[in-house]
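In what follows, a structure is listed as structure tokens, so that the remarks can point back to it.
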Amino acid sequence: MGKRVLITGGAGSLGRELALQLAAAGHNAVAMDLPQCDFSSLEGAPGITALRGSITDPNLLRDAVHDVD
């Protein structure tokens, strides 16, 4: 069974590629990045959850790390 992995900077070029590779390997990738970033290549991709927001938001961060392995 795959792991749930949080990727900060998930909409950037490295984060996006990491999310896609992890999803392809059977993991659930949570790609977190600032709302103004381009998530278009990640939205709707199987195994990837796009999460818009800042890691400085304690409520969002708490939700983001929930159930992360």
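The values are calculated or read from the model by the stated rules, or taken from the named source; none is laboratory data. All figures in this text were calculated on a predicted structure; none of them were measured in a lab. Neighbour counts run over all protein chains shown; Cβ positions are idealised from the backbone, glycine included. Heads up: the accessible areas ignore ligands, DNA and RNA and are worked out on the full protein's heavy atoms, side chains in. Shrake-Rupley method; radii C 1.70, N 1.55, O 1.52, S 1.80 Å.
For region 18-58, the tally of residues that are of a type in the set (D, E, K, R) and within 11 Å of the chain's Cα centre (by Cα) stands at 3.
Rundown of residues vs (1) loosely packed, with under 15 Cβ neighbours inside 10 Å; (2) in a helix (DSSP H, G or I), yes/no style:
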{"site": "VAL5", "(1), (2)": "no, no"}
{"site": "GLY10", "(1), (2)": "no, no"}
{"site": "LEU18", "(1), (2)": "no, yes"}
{"site": "GLU43", "(1), (2)": "yes, no"}
{"site": "PRO46", "(1), (2)": "yes, no"}
{"site": "THR49", "(1), (2)": "no, no"}
{"site": "THR56", "(1), (2)": "yes, no"}
{"site": "LEU61", "(1), (2)": "no, yes"}
{"site": "VAL68", "(1), (2)": "yes, no"}
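Within region 1-28, the set of residues being of a type in the set (Gly, Ala, Ser) and either farther than 15 Å from PRO46 by Cα or at pLDDT 95 or above (or both) comprises GLY9, GLY10, ALA11, GLY12, SER13, GLY15, ALA19, ALA23, ALA24, ALA25, GLY26.
Within region 20-41, the set of residues being open to solvent by 30 Å² or more (accessible area, probe 1.4 Å) and in a helix (DSSP H, G or I) comprises LEU20, GLN21, LEU22, ALA24. Of the conditions (1) β-branched (Val, Ile, Thr); (2) touching a helix residue (DSSP H, G or I) at 6+ places or on another chain (Cβ under 7 Å); (3) without any contact (Cβ under 8 Å) to a residue 24 or more places away in the chain, VAL30 fails just one. Which one is it? Going through (1) β-branched (Val, Ile, Thr); (2) touching a helix residue (DSSP H, G or I) at 6+ places or on another chain (Cβ under 7 Å); (3) without any contact (Cβ under 8 Å) to a residue 24 or more places away in the chain one by one, VAL30 breaks only (3).
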